[in-house]
C-alpha cells in the first residue's frame with residue numbers, strides 16, 4: 001500500500017465520458033475567459049504579496065519545527081537499522097513515502113514551502129559546513145553548471161524505490177538509501193556549503209517548486225538581513241519560479257511517476273504485471289515508468305513545439321518559460337492520486353510515533369489505534385476536483401506567461417496546443433482515477 005497507494009474510491013454517479021466532457025468544457029471555458037479578460041500579466045505583481053508577520057514573531061516556532069524535523073530524521077534513520085524490518089510496523093516507510101513525499105506536495109501546494117522551513121537535510125548540511133569552517137575550510141567552489149539535474153536524477157531514483165524496487169518499502173532497504181543520501185549531503189556540505197546542497201538536493205528543490213503555488217512564503221531582505229512572512233494569491237508565486245537546466249524534466253518526472261502509479265493500480269496495469277514477480281517485475285515496472293515519463297514529456301513537447309511555430313521564440317526558451325505551468329498539474333495529480341493514502345496513512349504515522357521501532361511500545365498512547373476512513377465517494381469528488389483545479393491553474397499560469405512574453409494576438413494563438421496538452425493530461429488523469 002505504501003509503494004502503490006491511490007486508496008479506495010467509490011463509484012461516481014456519472015460515467016467517465018461525462019466527467020471527461022465536463023472537464024474539457026471547463027478548460028475551454030477557462031481558456032476563452034482568460035483570453036478575453038486577462039490581457040496583461042498579473043501573477044508576478046500579485047506574487048509580491050503582503051506582509052503577514054515579521055519573522056521574529058514566528059522565529060521560535062520555525063526553529064522548533066526544524067529541531068523536531070531533524071529529531072524525526074534521526075529516529076527514522078535509527079529505526080531503519082535497529083527497528084523491526086517490517087514496513088507496516090516500522091516508522092520509516094510511512095514517514096518517507098507518505099508524510100514527506102505526499103505531505104510535502106499537498107501541504108506545499110496548499111500552504112507554501114513548509115519543507116524548506118523545517119528541512120532536516122538542510123540542517124545536516126549546515127552542520128557539515130560548520131565542521132568544514134571549524135577545520136579551516138571555506139565552503140564553495142562546487143559545480144555551478146548542473147542546474148536541477150541532480151534533483152531530477154534523485155527524484156527518479158526515489159520513484160524507482162517507491163514504485164518498482166521489490167523491497168523498496170522495507171526499512172533496511174530504505175535505511176541504506178537514506179544513509180547514502182546522508183553521506184552525499186555531509187560531503188557536499190563540507191566541501192561546497194549548505195547553500196549548494198539546498199540548491200541541488202532532490203526533495204528540497206522539488207518541494208520548493210510545489211511550494212511556489214502556496215499562499216504563504218518567507219521573504220528575506222538581503223540589505224538589512226531581516227525577513228517576514230507574506231501572503232499572496234495562490235499560484236502567483238509561479239510567475240517568478242526559479243527555472244534552471246533540468247527543472248522541466250524534474251516536474252515531468254514527478255508527473256510521469258504519479259501517472260505510472262495510477263496505471264499500475266488500474267485493471268489493465270494489473271493484467272500486464274500479473275505474470276511478473278521479484279526483480280523481473282521491478283524491471284518491467286521500471287520500463288513502464290520510463291514510458292510514462294516519456295509520454296508526459298512528449299505531450300509537453302508538442303505544446304512547446306506549436307508555440308514556437310506561431311510565436312517568435314526559440315524552442316529552448318519556450319521549454320523553460322512555460323515550465324511553471326506544469327507545477328499545478330503535478331500538484332493536482334498528487335492530490336488526486338494520494339489524497340486517500342495521505343488521509344489513512346498519516347493517522348498510521350501518528351500511531352507509529354508511540355512505537356517507532358515496531359517493538360510493541362506505547363510511548364504516548366494510541367499505538368494500536370484504528371484508522372478512520374473518509375467516505376469513498378467524498379474521496380472520488382476530491383480527486384476529480386484536484387485534477388480540474390490543477391489543470392485550470394496550469395492554463396492560467398501558461399496564459400499569464402504568454403501575455404507577458406508575446407505580443408497581443410500571438411499570446412492566445414500560442415496557447416492552442418497547450419490547451420490540447422491540458423485536455424490530454426486531464427483525460428489521462430481521469431482515466432487513471434476512474435479505472436483504478
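Read-outs: derived from the displayed coordinates by stated rules, not from any lab. Owing to the predicted nature of the structure, the values given are computational and were not obtained by experimental measurement. Counting neighbours? That spans all protein chains shown, and the Cβs are built from the backbone with ideal geometry, glycine included.
Numbers at a glance
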item: FRET efficiency, 1/(1 + (r/R0)^6) with R0 25 Å, evaluated for residue 84 and residue 144 via beta carbons; result: 0.05
item: Segment 142-168 and segment 91-123: distance between their alpha carbon centers, rounded to Å; result: 16 Å
item: Measure of compaction for segment 98-211 (Cα Rg per 2.2 N^0.38 Å); result: 1.10
item: Highest-first arrangement of 171-177, 278-284, where packing means the average Cβ count within 10 Å; result: 171-177, 278-284
item: Normalised contact order of segment 173-289, rounded percent, pairs of Cα under 8 Å and 6 or more residues apart; result: 14 percent
item: Cα-only radius of gyration and Dmax that characterise the chain, units Å; result: 22.0, 67
item: FRET efficiency, residue 184 to residue 20 (Cβ-Cβ, R0 30 Å, nearest 0.05); result: 0.10
item: Fully extended contour minus Cα-Cα distance, from residue 268 to residue 45, at 0.36 nm per residue; result: 75.7 nm
item: Chain lengthening between residue 301 and residue 33 when straightened (0.36 nm per residue, less Cα-Cα); result: 94.0 nm
item: In nm, spacing of pseudo-spin labels at residue 242 and residue 220 (7 Å Cα→C-beta vector); result: 1.0 nm
item: Theoretical gain in end-to-end length, residue 362 to residue 56 [0.36 nm per residue, Cα-Cα removed]; result: 106.5 nm
item: Relative contact order (percent, whole number), the chain, Cα cutoff 8 Å, 6+ residue spacing; result: 27 percent
item: Whole-Å distance, taken between Cα centres, linking segment 188-210 and segment 41-88; result: 15 Å
